[in-house]
Each structure stands twice: as structure tokens, then as C-alpha cells.
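First the structure, in the form of C-alpha cells, and then the observations on it.
The numbers here are math on the coordinates, done by the rules we state, and not lab data. As the structure is a computational prediction, the values presented were derived from the model and not from experiment. Heads up, the Cβs are rebuilt from the backbone with ideal geometry, glycines too, and the neighbour counts pull from every protein chain shown.
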Amino acid sequence: MKTPKLLIAAAIGVAVTLAGQHTFAQGIDSTAKKIGNKTASIAVKGASTITDKTFKGKEGPNGETVYIDKKDRKYIVDGKGKKVYLKKSQIHDKKKD
């Protein structure tokens with residue numbers, strides 16, 4: 001009688017351990033993605049500052065720096081490092097502190 005209970009307890013223990021490891025691995029994966037996105041964003045912003053002009057006195061919809069490329073298109077860099085081109089209505093004067 002003790003053998004089936006022992007097997008059931010062992011099976012439950014293995015299942016809990018595997019589930020815990022999967023959750024831990026997801027946390028590492030999500031942290032790596034956040035670090036990768038931040039690194040990409042910083043790299044694109046740095047390259048944009050060097051190769052393109054910044055739109056002085058203007059900011060994006062949420063206070064972002066606005067860049068102007070060689071084709072006179074205005075854009076911001078999002079949190080994942082992608083250029084997001086803006087319409088004129090999305091650009092406004094910088095708020096004074």
C-alpha cells in the first residue's frame with residue numbers, strides 16, 4: 001500500500017519541479033528581451049544623433065526627441081529601437097519646465 005502513495009508523491013514532486021523550472025526560464029527570457037530592446041533603442045538613438053539632425057525645440061507625442069533624416073522625414077525611436085515616422089500633427093513645441 002505504501003508503494004502507490006510513494007509513486008504518486010514522487011510524480012507530484014517531479015511535476016512541481018518541472019513547472020517551477022519553466023517559470024524561471026520564462027523570467028530569464030523576458031529579461032533578456034528587455035535588455036536587448038533597450039540596447040537596440042540606445043544604439044539607434046546614438047546612430048540617429050550622428051547621421052541625422054535633431055528637431056530643435058520640438059518633441060514627439062510623449063516628449064521624445066524628434067530626428068530628421070536625409071529625406072526630411074521626422075521620426076522618433078521607440079523602446080524597441082525602431083524608427084517611427086511622425087505626421088506633422090504629432091510633433092509639438094517642447095514644454096518648458
Protection-proxy order for peptides 61-67, 85-91, each taking the mean of Cβ atoms within 10 Å per residue, highest first = 61-67, 85-91
XL table Lys38/Lys94; Lys53/Lys95; Lys34/Lys87; Cα-Cα > 26 Å flagged, in table order, is Lys34/Lys87
Could you name the aspartates and glutamates in cross-link range of Lys83, using Cα to Cα under 17 Å and dropping any fewer than eight places away on the same chain?
-> Asp52, Glu59, Glu64, Asp69, Asp72
Inter-site label distance for Asp93 and Ala32 at 7 Å from Cα along Cβ, in nm = 4.8
Using modelled amide H (1.01 Å from N, peptide plane; none on Pro or chain starts), what sits under 5 Å from the amide H of Lys58, excluding residues fewer than 5 places away?
-> Lys94
